[in-house]
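This report concerns only the one structure given below.
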Amino acid sequence: MTLGDDLSWLFAQQRFGVRPGLERVRALLARLGEPQDAYRVILVGGTNGKGSTAATLAAMLRASGLYVGLFTSPHLTRFTERFLVDGAELPEAVVQEALARLRPVAVELEATFFEIVTALGVLLFAEAGVQVAVMEVGLGGRLDATNALNPELSVVTNVALDHTEILGKTREAIATEKAGILRAGRPAVTGVDMTLLPTLLQRGADVWAFGWHFGAQVQPLGWAGSDVTVSTPRQTLVFRTPLLGEHGARNAALAAVAAFRLGVSPDAIRQGAAATVWPGRLEVVSWRGGRVLLDGAHNPAGAEALAAALRALGVDRLPIVFGAAGDKDVSGVAAALHPLAAQVILTRAVLSPRAADPATLAPLFPGVSVTLTDSPQQALAVLAELHAPLALVCGSLYLIGEVRPLLLNEAGEARERWQ
């Protein structure tokens, strides 16, 4: 049996959707011998920015000399991107062997796709011998599979309206779900709006909040990122982050404070911040003599942060390749992007059944020249004819996952994507 065989089975589980609850994943971990007890765990949740915050925090912990696992989702191009050990993907053979062992137990317990992936990551990290694992939370927090773990510290980056059909129709309701990853008496770091902070404090965690316990001064460096000075109750942390935009600097600040609370030195925080790599999120790729900016802004708050970052970089108007999942607030995303659009090329992630029909997106960009395409390949062919020095590809992370290997001339992963 090959990794492809087991992955075909695993990816087929996506169609059964999300079933919130911790019972199955806890049972799965128990049958695996509680591998999560072999190392320290950090949970990073929130609506936007949790992936870049987790990646930055993992880089800082690595710079401090720790052997670190990083679990993120979804992946862009390869399934093995979800499980990094010491900054590198594990060999496919290692993932295959662990998934093959996990599969019969997962079938017996009727575990969901994300529960299986979470348990797989937990098992892989234990068998790799990591000292600490930084785990990006999936949907929500309270009932997310990652919350079956026992975090030493938790991070909630922010709260915005997303997945409202599951998490609730208000920011307050969503904040309650996100706060579920906090543990009473244990440290936590958050960047939520101050009006939502009381919801987090109800969990009894030792919370440090952005704008209350610490603040950040950001000196933009254009396309090089930002210099950031973070003032905490105990230490001033100074570092440079390659993450673009004010929101990128803010996420790096959250990671820095989390690292500091975990005992990481200011020097290691500085080294880790500078070494952070987070593909597909305000990532600049050279292509055909110009540059393409990739960003998975898939909800209105993310799109507004993207637009603000572009304006801060001096970008006025540029061609935009856009595609989105049909179950998102696509009109809110389009409204944020519309003022920046010189021309819009609408497309869809062909491997994602959730992708919206490009024709349904066209009315969201009134007064702008719109071209409809059926695939990322067609969209890039249209973009190439424009010879633009800078273009933006944004929307669904699944779209970014299909476009990125085309730009880099790499092989993509031809599997249907739901989660």
Sole miss for Arg78 among (1) surrounded by fewer than 17 Cβ atoms within 10 Å (Cβ to Cβ); (2) free of Cβ contacts under 8 Å to residues at least 40 places away in the same chain is condition (2)
Counting only residues that are surrounded by fewer than 22 Cβ atoms within 10 Å (Cβ to Cβ) and in a helix (DSSP H, G or I), the range 115-137 contains a total of 3
Given the residues Leu254, Leu221, Leu237, Leu200, which is the only one that is within 14 Å of Asn158 (Cα to Cα), without any contact (Cβ under 8 Å) to a residue 60 or more places away in the chain and not polar (S, T, N, Q)? Leu200
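Report those helices (runs of 4 or more DSSP H) wholly inside the range 139-256 carrying at least 1 residues which are under 28 Å from Ile116 (Cβ atoms) and assigned by TED's automatic domain parsing to the domain that holds Ala59. Write out each step before concluding.
Values: elements: 164-167, 171-178, 197-201.
Because the criterion is at least 1 residues that are under 28 Å from Ile116 (Cβ atoms) and assigned by TED's automatic domain parsing to the domain that holds Ala59, the helices (runs of 4 or more DSSP H) in the range 139-256 that meet it are 164-167, 171-178.
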Kindly list the number of the only condition in (1) surrounded by 23 or more Cβ atoms within 10 Å (Cβ to Cβ); (2) within 23 Å of Ala133 (Cα to Cα); (3) of a type in the set (Val, Ile, Thr) that fails for Val230. (2)
State the number of residues belonging to the range 166-190 that are crowded, with 24+ Cβ neighbours inside 10 Å and modelled with pLDDT of 90 or more. 8
From the list Leu397, Leu364, Leu346, which residue is closer than 23 Å to Glu304 by Cβ, surrounded by 17 or more Cβ atoms within 10 Å (Cβ to Cβ), in contact with a Phe, Trp or Tyr (Cβ under 7 Å, 6 or more places away or on another chain) and not aromatic (Phe, Trp, Tyr)? Leu346
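Can you say whether Leu380 is buried (at least 19 other Cβ atoms within 10 Å of the Cβ), over 20 Å from the mean Cα position of the chain (by Cα) and not in a loop (DSSP other than H, G, I, E, B), as far as the supplied structure shows? If you could, list the steps in order and put the result at the bottom.
Numbers: buried (at least 19 other Cβ atoms within 10 Å of the Cβ): yes; over 20 Å from the mean Cα position of the chain (by Cα): yes; not in a loop (DSSP other than H, G, I, E, B): yes.
The answer is yes for Leu380.
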Of everything in the range 14-24, what is within 21 Å of the chain's Cα centre (by Cα) and part of a helix (DSSP H, G or I)? Give them in sequence order. Gln14
With (1) surrounded by fewer than 22 Cβ atoms within 10 Å (Cβ to Cβ); (2) at pLDDT 95 or above as the list, and His163 as the residue in question, which single condition is left unmet? (2)
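Answer with yes or no whether Leu262 is hydrophobic (A, V, I, L, M, F, W, C), touching a residue at least 24 places away in the same chain (Cβ under 8 Å) and in the same structural domain as Arg348 (by TED's automatic domain parsing).
Values: hydrophobic (A, V, I, L, M, F, W, C): yes; touching a residue at least 24 places away in the same chain (Cβ under 8 Å): yes; in the same structural domain as Arg348 (by TED's automatic domain parsing): no.
Answer is no for this residue.
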Residues within the range 67-99 that are modelled with pLDDT of 95 or more, among the small types (Gly, Ala, Ser) and in a helix (DSSP H, G or I), tallied: 1
Residue count for the range 281-338, restricted to those that are over 20 Å from Val382 (Cα atoms), surrounded by fewer than 23 Cβ atoms within 10 Å (Cβ to Cβ) and of a type in the set (Lys, Arg): 2
Out of Glu177, Glu108, Glu89, Glu127, which single residue is touching a residue at least 60 places away in the same chain (Cβ under 8 Å) and acidic (Asp, Glu)? Glu127
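Okay, residues lined up against (1) buried (at least 23 other Cβ atoms within 10 Å of the Cβ); (2) closer than 17 Å to Ala58 by Cβ; (3) among the acidic types (Asp, Glu):
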position: Val192; (1), (2), (3): yes, no, no
position: Trp208; (1), (2), (3): no, no, no
position: Gly215; (1), (2), (3): no, no, no
position: Gly222; (1), (2), (3): no, no, no
position: His247; (1), (2), (3): yes, no, no
position: Ile269; (1), (2), (3): yes, yes, no
Any residue in the range 287-301 that is farther than 20 Å from Gly314 by Cα sitting within a Cβ distance under 8 Å of a residue that is hydroxyl-bearing (Ser, Thr, Tyr)? List the pairs, counting only those 6 or more apart or interchain. Gly296/Ser396; His298/Ser396; Asn299/Thr47; Ala301/Thr47
Can you confirm whether the range 28-48 contains a residue that is surrounded by 19 or more Cβ atoms within 10 Å (Cβ to Cβ), more than 20 Å from Gly263 (Cβ to Cβ) and among the basic types (Lys, Arg)? no
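The values are calculated or read from the model by the stated rules, or taken from the named source; none is laboratory data. Bear in mind the structure is a predicted one, so any value in this text is a computation, not a measurement. When we count neighbours, we look across all protein chains shown, and the Cβ atoms used for this are built from the backbone with ideal geometry, even at glycine.
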